[in-house]
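Below is one structure, written out as structure tokens; the observations come after it.
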Amino acid sequence: MRPWDHIRVGFDADYETTCSQFGGGWQLLDRWRELGTLLSGRHGWHFDLHGGGPTWSFGLFSEGLLVLHVTAQGQFYCHDHVTDSDTVADDLAQVEAWIDSRTVSAEHPSAPAVEMAKSFNWKTLTIVEFRLLVSWSDGSFAGSWPSHSDAVIAPTLQEVLDGAAAQVCALYGAPPELAAELTIRAELDPSAVTQLRQTNSGS
């Protein structure tokens, strides 16, 4: 299995197809594969298709504190939104050095993201859709965020959803009672679906 075969695209498309169709054609596919091999599975990194094309971004809950993509010339464009600076790298060694020189973290929302979430008395936070990945193992459901390390584990799906919403409030410093108003998009893997379809499994 190749590293980029596991990479999830936000709208469920295949990574290679997305990069080939929207990222400059098959001529640049090897460069996208290189970038996918470097970033796939790295904490805090996520891949999706945005207005400008396929993009690797770093940050919690789809924040793009750091952004990477392949240029039409086959180089790697690196942008740091925190310092509003960019770099064009010729190879992965330069990309890795650029990443390593940054001190940004995906453990918590950035200060600007928190300020935005607070706007309109926290109502802004309630209209954001938070994507939760749910699996089942050893008698419990587990809910995890694509770019955060802490999972919520509980016997029922309802408890996982409630715990995940509470976790979002804690990360942003939002009032705990806001958890009931958050929008959680739960995506169940086959293990969770099988468990929910079992008779008397509980949900």
Point-charge dipole on Cβ atoms (K/R +1, D/E -1) for region 111-197, about Cα centre, debye to 20: 180
Dipole moment magnitude, nearest 20 debye, the chain about Cα centre, only Lys, Arg, Asp, Glu C-beta charged: 300
Modelled FRET efficiency - R0 41 Å, VAL82 with THR126, Cβ distances, 0.05 increments: 0.95
Karplus-derived HN-Hα couplings along region 174-183 (A = 6.51, B = -1.76, C = 1.60, θ = phi - 60°), whole Hz, x at Gly and Pro: 7, x, x, 5, 6, 3, 5, 9, 6, 9
Segment ALA154-ARG185, extension gain: residue separation times 0.36 nm, minus the distance between their alpha carbons: 9.4 nm
Peptides ranked, highest mean first, by Cβ atoms within 10 Å: ranges 153-161, 178-186, 97-105: 153-161, 178-186, 97-105
Per-peptide average of other Cβ atoms within 10 Å, ordering 53-61, 121-129 highest first: 53-61, 121-129
Additional length obtainable on full extension of the chain from THR17 to GLU177, 0.36 nm per residue less Cα span: 53.4 nm
Euclidean distance between Cα centres, region 127-142 to region 99-113, Å: 24
At least 18 Å along the helix axis (C-alpha) and Kyte average at least 0.5, DSSP helices within the chain: 157-172
Point-to-point label distance, THR37-THR103, nm (Cα→Cβ direction, 7 Å offset): 3.3
Computed [θ] at 222 nm, helices only, for the chain once each DSSP H run of length n ≥ 4 contributes -39500 (n - 2.57): -9000 deg cm²/dmol
Rounded FRET efficiency, nearest 0.05, which uses the C-beta distance separating ALA93 from ALA170 and R0 of 35 Å: 0.40
Kirkwood Rh in Å, taken over the chain so that all alpha-carbon pairs contribute: 18.4
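No lab work stands behind these numbers, since they all come straight from the coordinates. Just so you know, these numbers come straight off a predicted model, no measurement behind them. As a convention, Cβ positions derive from the backbone with ideal geometry for all residues, glycine included, and neighbour counts pool all protein chains shown.
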